[in-house]
Amino acid sequence: MAKKTTKPQIAALAALLTLSIGALEAAANELRPSGVCTANFAFNSLLPMKVDAQFLQDMQAYSGAKIIRHIRAGEAYTMDYRDDRLYVFSDKENFYTGHKCG
């Protein structure tokens, strides 16, 4: 007969899992040099979002980039690559359409 799992055991396992995930995130952040952009972060863009100063600040924090550049539809931008820069793209009405490092 299988041993029944108790609530304290489940709570202990949940706590251990939470600590493990935190340790993995910390390790991943240590592998990336400070200021280097990463576009590999979870971001929900199902709802239309206006690009404003707070939005850009949040995107910069998520990406870890030192530089953030807002590009509106139709605007030209340089194609030189910088590993510390995040481009945030919007349409002509200033709604978020995408992002990339570079």
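Details
- Restricting the stretch 54-93 to residues that are loosely packed, with under 15 Cβ neighbours inside 10 Å and among the hydrophobic types (A, V, I, L, M, F, W, C), the residue that is nearest to the chain's Cα centre (by Cα) is Ala61.
- Candidates in the stretch 37-51 are the residues that are loosely packed, with under 12 Cβ neighbours inside 10 Å and assigned to a loop (DSSP other than H, G, I, E, B); of these, the one that is nearest to the chain's Cα centre (by Cα) is Phe41.
- Candidates Gly22, Gly64 - the one that is of a type outside the set (Lys, Arg) and modelled with pLDDT of 70 or more: Gly64
- Which listed residue, of Asp52, Asp91, is of a type in the set (D, E, K, R) and touching a Ser or Thr at 6+ places or on another chain (Cβ under 7 Å): Asp91
- Within the stretch 57-83, being more than 12 Å from Val36 (Cα to Cα) and touching a residue at least 40 places away in the same chain (Cβ under 8 Å) holds for one residue alone: Met59.
The values are calculated or read from the model by the stated rules, or taken from the named source; none is laboratory data. Just so you know, these numbers come straight off a predicted model, no measurement behind them. With ideal geometry, Cβ positions are generated from the backbone for all residues, glycine too; neighbour counts draw on all protein chains shown.
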